[in-house]
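Since every read-out is calculated from the coordinates, none of them should be taken as a lab result. On a predicted model such as this, the values are computed, not experimentally measured, just so you know. Methodologically, a virtual Cβ is constructed for each residue, glycine included, from the backbone with ideal geometry; neighbour enumeration extends over all protein chains shown.
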Amino acid sequence: MRTFPVGWRSSSSSSSSSSSSVQPVKQCHGTGPGCAMNGPQLNELPDESEQLQPFLVQLRRAALQATGPAPVRTFSDGFLLKFLRARDFDVELSLKLLLNYQQWRKDSPEISRYLCPLSVLGLLNTSYHAVLPQRDHAGSRVLIYRIGQWSPKDWSAFQVFSISLMTSEIISMETQTQRRGLKVIFDLQGWSLGHALQITPSLARKISSVLQDSFPLKVRGIHLVNEPIFFRPVFATIRPFLPDKIKQRIHLHGSDYHDTLADFFSSPVLPPEYGGEGLGIEEACQDWTNQLLQSEQLLQQIAVHPTGDIAIPADEVISDEKADDEG
């Protein structure tokens with residue numbers, strides 16, 4: 001098993017003349033037990049643990065040295081920890097994820113700046129989406145999306161995806177979710193051609209980018225229920241192109257899903273509508289809608305912030321050199 005921290009070098013770092021090369025990060029020389037811990041063990045340490053400091057120092061230095069979307073002065077510890085935990089404290093992979101997140105926000109402002117629960121309140125009030133109050137046996141957050149509640153005549157796929165993004169920003173701040181990740185249940189009852197036509201190739205690529213390597217969350221499982229007959233041949237065509245890790249985490253349950261979902265989620269976690277004994281889906285959706293509405297100001301701060309690291313005031317993020325260039 002690999003131990004951390006380790007010295008590492010970007011594949012491009014050998015070209016010292018290249019402006020995009022990442023400088024090598026020094027190896028941790030600490031003597032504490034943190035230097036002998038592996039990623040999952042480090043994930044269990046509290047945010048303020050001194051044993052996490054070498055990793056924070058390495059990632060911060062590497063991120064500031066790398067040529068990203070915009071030169072910045074610094075990143076906060078809490079922000080960097082999201083990326084370190086998402087990649088089990090592998091600094092190189094955490095850096096890649098952080099830079100991808102920044103690049104995605106820059107390339108897709110029409111989505112990354114669209115974090116306004118009030119603007120999609122009509123859709124939320126249809127009981128389209130919930131984050132269940134109970135975590136699963138592994139401590140993962142459990143999310144439900146009810147596709148049949150989405151009327152493509154009233155709401156675009158862009159607006160629908162913004163709900164996922166808002167939820168992701170909120171739960172990625174939870175230490176337990178950073179450690180344990182999330183699992184998603186997509187209820188495809190009511191899926192139609194109208195829904196499919198909303199998913200343009202451009203939007204599909206952007207959604208795929210976020211899901212694969214641009215957001216600091218671990219997706220531990222994707223469960224599809226009530227998928228229509230025509231969905232399975234389509235999925236069979238797409239499946240060979242999916243990464244093996246994602247393939248292993250996708251589960252198709254069909255319409256008789258109560259027993260098979262129970263193999264993955266305990267009864268207190270799931271709503272009765274999905275074979276469990278937890279909070280009803282309507283109430284769970286309303287509770288999460290309220291949570292999103294209460295987070296409106298926070299989400300707006302993230303949306304307009306240059307890096308999304310709202311612990312650092314926006315006017316202190318961009319370096320003086322960048323400010324001079326823009327002036």
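Residues whose amide H falls under 5 Å from that of LYS218, counting only those 5 or more places apart or on a different chain, are GLY181, LEU182, with hydrogens built in the peptide plane.
Annotation: extensible slack from ASP213 through ILE246 equals 10.7 nm (criterion: 0.36 nm per residue apart, minus Cα-Cα distance). Listed by chain and number, the aspartates and glutamates placed with their C-alpha closer than 20 angstrom to that of LYS82 are GLU44, ASP47, GLU48, GLU50, ASP90, GLU92, GLU169, GLU174, ASP213, ASP309; residues fewer than eight positions away on the same chain are left out.
Of the options ILE250, GLY278, LEU298, report the single residue whose Cα projects farthest towards the positive end of the charge dipole of the stretch 244-298 (beta-carbon charges: Lys, Arg +1; Asp, Glu -1). Sorting the options by dipole projection puts first ILE250. Label the stretch 125-276 by shape, choosing from rounded, prolate and oblate, from the square roots a ≥ b ≥ c of the eigenvalues of the Cα gyration tensor; if a/c is under 1.5 it is rounded, and otherwise prolate applies when a/b is larger than b/c, oblate when it is not. Judged from the Cα gyration tensor, the stretch 125-276 comes out rounded (a/c under 1.5). In terms of overall dimensions, the stretch 248-304 has a Cα radius of gyration and Dmax of 15.7, 44 angstrom.
Computed from backbone phi with θ = phi - 60° and the Karplus coefficients 6.51, -1.76 and 1.60, the 3J(HN,Hα) list for the stretch 190-205 is x, 4, 9, 4, x, 5, 4, 5, 6, 8, 6, x, 5, 5, 4, 5 Hz; x is used for glycine and proline.
Potential lengthening of the chain between GLU50 and ASP263 amounts to 72.8 nm, from the contour at 0.36 nm per residue minus the alpha-carbon distance.
In sequence order, the stretch 91-104 has phi-based couplings of 5, 5, 5, 5, 5, 4, 5, 4, 5, 5, 4, 5, 5, 4 Hz under the Karplus curve 6.51 cos²θ - 1.76 cosθ + 1.60, θ = phi - 60°, and Gly or Pro positions carry x. Gain on full extension, evaluated as 0.36 nm per residue between SER76 and GLU283 minus their Cα-Cα distance, stands at 70.9 nm. Please sort by residue number the trypsin sites (Lys or Arg not before Pro) in the stretch 131-222 whose DSSP state is loop and whose Cβ has at most 10 other Cβ atoms within 10 Å. For trypsin sites (Lys or Arg not before Pro) across the stretch 131-222 that sit outside H, G, I, E and B with at most 10 neighbouring Cβ atoms in 10 Å, the list reads LYS153. In this simple spin-label approximation, SER192 and ILE222 carry label points 7 Å from Cα along the Cα→Cβ vector, and these lie 2.4 nm apart.
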